[in-house]
Amino acid sequence: MSLLSKIGDLKDLKNQAHAMQAMLEQEIVEIDNDLIYLKVNGKQDILELILKDEYTNDKAATEEAIKKAFTESAQKVQRIMSSKMGGMM
């Protein structure tokens, strides 16, 4: 394989990565549990985080709900990425 061919392959991979990032940015994941509403995009940027009216002054419960929501959103994004990458290959 020539150096020019390898450079071309790298450029193709870079273009695919940029296309994947653009696609993921358009994907929206929403998590709605008892205490919070969380909305993130496929790049895992937080778009919205709302403490619900059911929010109590129980700091530990709220922290746990937030951690669970972030974990769930990350898992959903990973499934989306896996699905999208499977379609690109």
Query - Nitroxide proxy distance, nm - points 7 Å out along Cα→Cβ at Gln44 and Asp32 - result: 2.5 nm
Requested in this report: Pull out the extension gain between Lys68 and Asn15, defined as 0.36 nm times the separation in residues minus the alpha carbon to alpha carbon distance; nm, one decimal.
Outcome: 15.7 nm
Query raised in the report: Which percent of the accessible area of the chain is formed by carbon and sulfur heavy atoms (probe 1.4 angstrom)?
Result: 54 percent
Query raised in the report: Kirkwood hydrodynamic radius for the chain: how many Å is it when counted over pairs of different Cα atoms?
Result: 15.1 Å
Query - the chain: most fluctuating residue of Lys76, Lys14, Lys43 per GNM, C-alpha cutoff 10 Å - result: Lys14
Report task. Give the accessible surface of the chain per residue, rounded to a whole number of Å², with probe radius 1.4 Å and ligands, DNA and RNA excluded. Result -> 73 Å²
Requested in this report: Give me the Debye-computed log₁₀ of I(q)/I(0) at q = 0.20, 0.25, 0.30 Å⁻¹ for segment 17-58, equal point scatterers on Cα only, no solvent, two decimals.
Outcome: -0.62, -0.78, -0.95
Query raised in the report: In debye, nearest 20: dipole of the chain around its Cα centre with unit charges on the Cβ of K, R (+) and D, E (-)?
Result: 620 debye
Query raised in the report: When the chain is treated as a GNM, springs tying every alpha-carbon pair under 10 Å, which of Ala22, Ala74, Ala60 comes out with the largest mean-square fluctuation?
Result: Ala60
Query - With Cα atoms, 0 to 90° folded angle of helix 3-26 axis to the chain main axis - result: 20 degrees
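The values are calculated or read from the model by the stated rules, or taken from the named source; none is laboratory data. On a predicted model such as this, the values are computed, not experimentally measured, just so you know. Counting neighbours? That spans all protein chains shown, and the Cβs are built from the backbone with ideal geometry, glycine included. Areas reflect the complete protein model, heavy atoms only, side chains present, ligands, DNA and RNA absent. Shrake-Rupley method; radii C 1.70, N 1.55, O 1.52, S 1.80 Å.
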